[in-house]
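Chemist: Take a look at this one; I'll ask things after.
The values are calculated or read from the model by the stated rules, or taken from the named source; none is laboratory data. Predicted, not measured: the structure shown is a model, and the values here were computed from it. All Cβ positions, glycine included, derive from the backbone under ideal geometry; neighbour counts span all protein chains shown. SASA here: full protein model, heavy atoms, side chains in, ligands and nucleic acids out. Shrake-Rupley method; radii C 1.70, N 1.55, O 1.52, S 1.80 Å.
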Amino acid sequence: SPSCPDGRKRRVCYYYDRGIAGVDYGEDHVMVPRRVDMAHALIRSYGLLGDMSRLRTRPATYDDIAAFHDRGYADLLGSLTPEAFAAGGEAELTARSFNVGEPSKPEDPRTIDNPPIAGLWDYCCRYAGGSIAAARALAAGGYDIAINWSGGMHHACRDKASGFCYVNDIVLAIRELLAAFARVVYVDIDVHHGDGVETAFVDSGRVMTVSFHQRTNNDFFPKGRGNLADVGVGEGVYRAVNVPLYAGMDDEGYYGLFQPIMEKVMEVFKPEAIVMQCGGDSLSGDRLGRLNLSIAGHARCVRFVRSFDVPLLLLGGGGYTINHVAACWCYETAVAIGKEIDDDIPQHCYDSYYQSQDYKLHYTVKKNLKNDNTNHHVTQTKNTVLRNLDKLAA
Ligand code: ZLS
Ligand code: CA
Ligand code: ZN
């Protein structure tokens, strides 16, 4: 096709579940599941749904989720209601012991990262079900790329919630892929470190995890994780890759690390499948992140990973300036398909959200944000990572 610059078209399947759009973390919360509905509405308005198969699936079951998660934790997620939590007593204590409903400032409910939301279990089963089904679609060989923008909840732990994430759909999806593929690479361009996924596979020789993330004063969430020196343990040594970045990182500096590192990852590890977490909080102007990537810069990473023509699972993740995130994931859906789309956002139901970006997909990045990444730091980081990866070369 003329609109596909790097060779043959890919067979793409896409998961979207309307049941996720209405999930509410609380009116003051930064995590807004409706951004996935906004991305979907854009994708539809650009006519991209006709270029993909729609992946229909049942929500994940208790057993699907308990394949990774602790049963006591899964039981809590399955039984907790906002009402029971609010009533206090045993329900509240149990929830808080699994980091659900735990305020960071004692007794201030506005400081709860992981609130006891209405429809919590249903939400988890739907976004996890999407990632599992997407992984199975790749494993069965019918598709080259599978997309679930509602997935990518990389902080969830085996036995507790963390960083707005309750169930780790990424770990569940990678486990599915491992049934069909010998080696899987996980690459995470969310502004936060992919700690839940790294921990789950830290000693695995079959899964390599790679995270690019912001580092500021050593206390950016998740505190203490994702150091350059964290390389994995046992069978997993040199199969955990961490690329800490300072605030203000721009497209050029980011890709200058991403491209050579991922090239080397592919060369030495030879994965049979790739899972990419495309968190949109690494974009310029995010409410939590302080990196300075444009949508083009973010998507260039997706395009590069796609160019290896290895079965690819694309997931969402963070992203707190919701118009930016929806525009980004729509553009990346077009990249996955291999189709150029117009910069002018078509008229659709969420139109008004894009006024601040002049109704364009590609908004302008911050020009006066200081880039704290010195050339020296970037070069050192790149060389250290490449040297570690070289130790895996046969
Ligand atoms: O990667 O930094 C923390 C933990 C705290 C400080 C903040 N308080 C509220 C809780 C305890 C140490 N949490 C981070 C979590 C970031 C998760 C990123 C998820 C992902 O993008 C993948 C989906 C954090 N950073 C910023 C906030 N929390 C935060 C900012 C503003 C608010 C509003 C809603 C909630 C409470 C007030 C909140 C959290
Ligand atoms: Ca990351
Ligand atoms: Zn994030």
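Chemist: Within 21 Å of VAL335 (Cα to Cα) and crowded, with 22+ Cβ neighbours inside 10 Å - does that describe any residue in segment 243-256?
Modeler: yes
Chemist: Conditions first: (1) more than 16 Å from ligand 3 (Cβ to nearest atom); (2) touching a Ser or Thr at 6+ places or on another chain (Cβ under 6 Å); (3) farther than 17 Å from LYS391 by Cα. VAL197 passes all but one, so which condition is the exception?
Modeler: Single failed check for VAL197: (1).
Chemist: A further question follows. Run down VAL187, VAL167, VAL207 and say which single residue is modelled with pLDDT of 95 or more, over 26 Å from ALA299 (Cβ atoms), surrounded by 24 or more Cβ atoms within 10 Å (Cβ to Cβ) and β-branched (Val, Ile, Thr).
Modeler: Being modelled with pLDDT of 95 or more, over 26 Å from ALA299 (Cβ atoms), surrounded by 24 or more Cβ atoms within 10 Å (Cβ to Cβ) and β-branched (Val, Ile, Thr) holds for just one of VAL187, VAL167, VAL207, which is VAL167.
Chemist: Does ASP281 satisfy the criteria of being of a type in the set (D, E, K, R), in contact with a Leu (Cβ under 7 Å, 6 or more places away or on another chain) and within 19 Å of HIS154 (Cβ to Cβ)?
Modeler: yes
Chemist: Still on this structure: Working carefully through the options TYR166, TYR127, find the one that is within 16 Å of ligand 3 (Cβ to nearest atom), closer than 26 Å to VAL243 by Cα and of a type outside the set (Val, Ile, Thr).
Modeler: Step by step, each of TYR166, TYR127 is checked, and only TYR166 is within 16 Å of ligand 3 (Cβ to nearest atom), closer than 26 Å to VAL243 by Cα and of a type outside the set (Val, Ile, Thr).
Chemist: Do any residues in segment 18-46 that are free of Cβ contacts under 8 Å to residues at least 40 places away in the same chain have Cβ atoms under 6 Å from those of residues that are open to solvent by 30 Å² or more (accessible area, probe 1.4 Å) and of a type outside the set (Asp, Glu), where the two are at least six apart or on different chains, and which pairs are they?
Modeler: ALA21/ARG34
Chemist: Going residue by residue through segment 308-320, is there one that turns out to be surrounded by fewer than 24 Cβ atoms within 10 Å (Cβ to Cβ), under 15 Å from the mean Cα position of the chain (by Cα) and more than 21 Å from PRO271 (Cα to Cα)?
Modeler: Yes, segment 308-320 has at least one match.
Chemist: Failed condition for GLY7, given (1) part of a helix (DSSP H, G or I); (2) modelled with pLDDT under 95, with all others met?
Modeler: (1)
Chemist: If you check ALA247, ALA229, which single one turns out to be more than 25 Å from GLY151 (Cα to Cα), within 15 Å of ligand 2 (Cβ to nearest atom) and of a type in the set (Gly, Ala, Ser)?
Modeler: ALA247
Chemist: Among the residues of segment 229-256, which ones are touching a residue at least 60 places away in the same chain (Cβ under 8 Å), under 15 Å from VAL187 (Cα atoms) and out of contact with any Leu (no Cβ under 8 Å at 6 or more places or on another chain)?
Modeler: Result: VAL231, single match.
Chemist: How many residues, within segment 72-118, are open to solvent by 50 Å² or more (accessible area, probe 1.4 Å), among the aliphatic types (A, V, I, L, M) and either in contact with a strand residue (DSSP E or B) (Cβ under 7 Å, 6 or more places away or on another chain) or within 24 Å of ALA128 (Cα to Cα) (or both)?
Modeler: 1
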